[in-house]
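The next block holds one structure in the form of structure tokens; read it before the comments.
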Amino acid sequence: MKLLNEFTETDFLVEETAGKKNYTIKGPYIHCNEQNRNGRVYTLEHMLPEVNRYIRDFVETKRAVGELSHPEGPQINPDKVSHLITKLEFDGPLCMGEAIVLDTPNGRIVKSFMEAGVNFGVSTRGLGSIKESNGIKYVQPDFRLVTDRKSTRLNSSHITISYAVFCLKKK
């Protein structure tokens, strides 16, 4: 299996309620059925069951966290966690997601970037194999989005938020 990394542009939202600011990262987290910047295609047929498993095992159990910066390997570093993915759902071939920025040291860095207007995107990482056909790399059904320390895992990006499946990256 090979480590696969993808980048998608997202939006962020800062809302204030009762004097408290809430920071949210939302937008497309995965594009299916189209060739991406890395020349790969993730089919909806293969991604739908994997994303549904991830939602059930990580999002619904509040374990889908992300980390600021791209880790060198798939190991989780709780000291670098910056956000919690709260929602993933398909809208046709797009998997739309939302994450809240946590009040951790790295979360506060992300919040300061958002306050300054730094543009981010989401980087999706996972492990899987690729099969090439006519110059296009098709991601195979063994692709896994994971964040569990004991298994393979999906991390993230550059000025990035990584650790779990989806992380932030400077556009």
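The values are calculated or read from the model by the stated rules, or taken from the named source; none is laboratory data. Because the structure is predicted, anything quoted here is derived from the model rather than measured. Reconstructed Cβ throughout: ideal geometry from the backbone, glycine too, with neighbour counts over all protein chains shown. Just the protein is used for accessible areas: all its heavy atoms, side chains included, with ligands, DNA and RNA removed. Shrake-Rupley method; radii C 1.70, N 1.55, O 1.52, S 1.80 Å.
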**Message:** Taking the criterion of being over 30 Å from E132 (Cβ atoms), touching a residue at least 40 places away in the same chain (Cβ under 8 Å), surrounded by 16 or more Cβ atoms within 10 Å (Cβ to Cβ) and not small (G, A, S), would at least one residue in the stretch 8-19 satisfy it?
**Reply:** yes
Can you find even one residue in the stretch 90-111 that is at positive phi and either in a loop (DSSP other than H, G, I, E, B) or open to solvent by less than 20 Å² (accessible area, probe 1.4 Å) (or both)?
yes
*Any residue at all in the stretch 73-86 that is under 23 Å from P28 (Cβ atoms), among the polar types (S, T, N, Q), modelled with pLDDT of 85 or more and in a strand (DSSP E or B)?*
yes
Of the residues in the stretch 114-125, those that are surrounded by fewer than 18 Cβ atoms within 10 Å (Cβ to Cβ) and touching a residue at least 24 places away in the same chain (Cβ under 8 Å) number 3
The stretch 1-41: strands (runs of 3 or more DSSP E) wholly inside it with 3 or more residues that are of a type in the set (D, E, K, R), within 12 Å of the chain's Cα centre (by Cα) and modelled with pLDDT under 75 are none
